[in-house]
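Q: Okay, handing you the structure first.
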Amino acid sequence: MLDDKVLQLIMNNQPATDHGRLMLLETSHGTPNPLPMLPTLQPFSLPRIFRDTGHRPTINPPKLAIFRNAQGLRIDPPLNPKETMVVWLRSQKFCNYHFLQGYCPDPRCKARHDGRLDSEHLDALRYLGRSLPCRFSNHCRDPECYAGHMCPFQPCANRNCKFYAEMHVDDRRIVSQDP
């Protein structure tokens, strides 16, 4: 068990010297204990050691609505980002979860979580996210889902399209929305 004086020195970030002399501190049993000089501790912060969890990107609050066409199928509102932004974002490998939903659930995620994206870059990242089909197809009930709920190509000429057949929607007019 450490002596209270030693603990106080450590907690106050002070060296164990008294004007350059070696201090003799008593142990809890009352016997003198020669204590070598403790180095001055360098301040540190945990965010330098662990992933920067305090930084969250500035994102626009998501529209908490799901848009539907006349058949009741989920329709993604159109996005028209600049092609240069899309190309740049594709090369940067930003984490969709982190930047579009504000958190990343995967501690082993290899995508980028650093930096900030403005609203134009976030729209371009949403556009890229929609190139991957949602696993719930156009039946998805999550208003914050960033994945695609319909094939972005109309008409789609790809026989091996990664979007399900029901995600090839012809009527893209939004006629209603779920709150």
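Q: Could you list all residues from the stretch 81-105 that are exposed (fewer than 15 other Cβ atoms within 10 Å of the Cβ), at pLDDT 90 or above and in a loop (DSSP other than H, G, I, E, B)? Let's see the steps before the verdict.
A: Quick first cut of the stretch 81-105, residues exposed (fewer than 15 other Cβ atoms within 10 Å of the Cβ) only: 82-84, 87-88, 90-93, 102-103, 105.
Now drop any that are not at pLDDT 90 or above, which leaves 82-84, 87-88, 90-93, 105.
Lys82, Lys93, Pro105, listed by residue number.
Q: Are any residues in the stretch 127-150 assigned to a loop (DSSP other than H, G, I, E, B) and either of a type in the set (Asp, Glu) or under 14 Å from Asn69 (Cβ atoms) (or both), and if so, which ones?
A: Within the stretch 127-150, Asp142, Glu144, His149, Met150 meet the criteria.
Q: Inspect the stretch 151-172 for any residue being under 18 Å from Ile66 (Cα atoms) and of a type in the set (Ser, Thr, Tyr) and give the result as yes or no.
A: no
Q: Something else now. Among the residues of the stretch 119-135, write down those that are surrounded by 11 or more Cβ atoms within 10 Å (Cβ to Cβ) and either over 17 Å from Val87 (Cβ atoms) or without any contact (Cβ under 8 Å) to a residue 12 or more places away in the chain (or both).
A: Leu132, Pro133, Cys134
The values are calculated or read from the model by the stated rules, or taken from the named source; none is laboratory data. Just so it is clear, the model here is predicted, and its values are computed rather than measured. Using ideal geometry, Cβ is built from the backbone for each residue, glycine included, and neighbour counts are taken over all protein chains shown.
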